[in-house]
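Worksheet: the structure to be examined is printed underneath.
The values are calculated or read from the model by the stated rules, or taken from the named source; none is laboratory data. Not measured: the values here are computed from a predicted model. Neighbour counts run over all protein chains shown; Cβ positions are idealised from the backbone, glycine included.
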Amino acid sequence: MSAEVLKGHLDGMILAVLADGPRHGYGVIDALRTRTGGRFDLPKGTIYPALHRLEQAGLIDGAWSREGGRQRRTYTLSAAGHRQLGQERASWRDFVAAVGALMEGNAVMGEEPWPAL
């Protein structure tokens, strides 16, 4: 699936991956690929700018570490990132319900269908 399709959802997906614990950039890429059965195999050029943007926004914290002689930046969710993830998940559930209702021709739960024109 292309990065273009994920526009608007990438930040929430990265926050969800980091909710499982600290990861370096490649670990985020691998978790996105693994947890989606290979459907989201995103390039470094998509993930690393998003990580930097999330860090600048205070949603994740980054720290340098040394693994196997290599320096890596490891990212964790900040308190603000945990709150944002909760909002992202709620927004995603609403979006999925609305699109599902639209695509399946059903009303959104608890609402009447729109009148026919």
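With the structure loaded, tell me whether LEU32 is part of a helix (DSSP H, G or I), in contact (Cβ under 8 Å) with a residue 12 or more places away in the chain, touching a His at 6+ places or on another chain (Cβ under 9 Å) and surrounded by 14 or more Cβ atoms within 10 Å (Cβ to Cβ) or whether it fails that test.
Working: part of a helix (DSSP H, G or I): yes; in contact (Cβ under 8 Å) with a residue 12 or more places away in the chain: yes; touching a His at 6+ places or on another chain (Cβ under 9 Å): no; surrounded by 14 or more Cβ atoms within 10 Å (Cβ to Cβ): yes.
It is false that LEU32 is part of a helix (DSSP H, G or I), in contact (Cβ under 8 Å) with a residue 12 or more places away in the chain, touching a His at 6+ places or on another chain (Cβ under 9 Å) and surrounded by 14 or more Cβ atoms within 10 Å (Cβ to Cβ).
Could you list, ordered by first residue, the pairs with Cβ atoms under 7 Å in which the first is in region 53-69 and under 14 Å from ALA79 (Cβ atoms) and the second is loosely packed, with under 15 Cβ neighbours inside 10 Å, at least 6 apart or interchain?
If the second residue must be loosely packed, with under 15 Cβ neighbours inside 10 Å, the pairs left are GLY58/ALA80; LEU59/ALA80; ILE60/THR76; ASP61/THR76.
Given the structure, is GLN71 surrounded by fewer than 14 Cβ atoms within 10 Å (Cβ to Cβ) and either outside any loop (DSSP other than H, G, I, E, B) or touching a helix residue (DSSP H, G or I) at 6+ places or on another chain (Cβ under 7 Å) (or both)? Lay out the reasoning, then the answer.
Details: surrounded by fewer than 14 Cβ atoms within 10 Å (Cβ to Cβ): yes; either outside any loop (DSSP other than H, G, I, E, B) or touching a helix residue (DSSP H, G or I) at 6+ places or on another chain (Cβ under 7 Å) (or both): yes.
For GLN71, the condition - surrounded by fewer than 14 Cβ atoms within 10 Å (Cβ to Cβ) and either outside any loop (DSSP other than H, G, I, E, B) or touching a helix residue (DSSP H, G or I) at 6+ places or on another chain (Cβ under 7 Å) (or both) - is met.
Could you tell me whether GLY62 is among the small types (Gly, Ala, Ser), at pLDDT below 90 and farther than 13 Å from LEU15 by Cβ? It would help to see each step written out before you state the result.
Details: among the small types (Gly, Ala, Ser): yes; at pLDDT below 90: no; farther than 13 Å from LEU15 by Cβ: yes.
No, not satisfied.
Scanning for something under 19 Å from GLU88 (Cβ atoms), in contact (Cβ under 8 Å) with a residue 12 or more places away in the chain and part of a helix (DSSP H, G or I), does region 39-47 turn up at least one residue?
yes
Evaluate region 78-99: report whether one residue or more is at pLDDT 95 or above, surrounded by 12 or more Cβ atoms within 10 Å (Cβ to Cβ) and not in a helix (DSSP H, G or I).
Scanning region 78-99 turns up at least one residue that is at pLDDT 95 or above, surrounded by 12 or more Cβ atoms within 10 Å (Cβ to Cβ) and not in a helix (DSSP H, G or I).
Of GLU55, GLU111, which residue is surrounded by fewer than 12 Cβ atoms within 10 Å (Cβ to Cβ) and either at pLDDT below 90 or over 18 Å from GLY8 (Cβ atoms) (or both)?
On the way: GLU55 fails: surrounded by fewer than 12 Cβ atoms within 10 Å (Cβ to Cβ).
On inspection, the qualifying residue turns out to be GLU111.
Which ones in region 74-103 are in contact with a helix residue (DSSP H, G or I) (Cβ under 9 Å, 6 or more places away or on another chain) and not hydroxyl-bearing (Ser, Thr, Tyr)?
LEU77, GLY81, HIS82, GLN84, LEU85, GLN87, GLU88, ARG89, TRP92 - these are the residues of region 74-103 that are in contact with a helix residue (DSSP H, G or I) (Cβ under 9 Å, 6 or more places away or on another chain) and not hydroxyl-bearing (Ser, Thr, Tyr).
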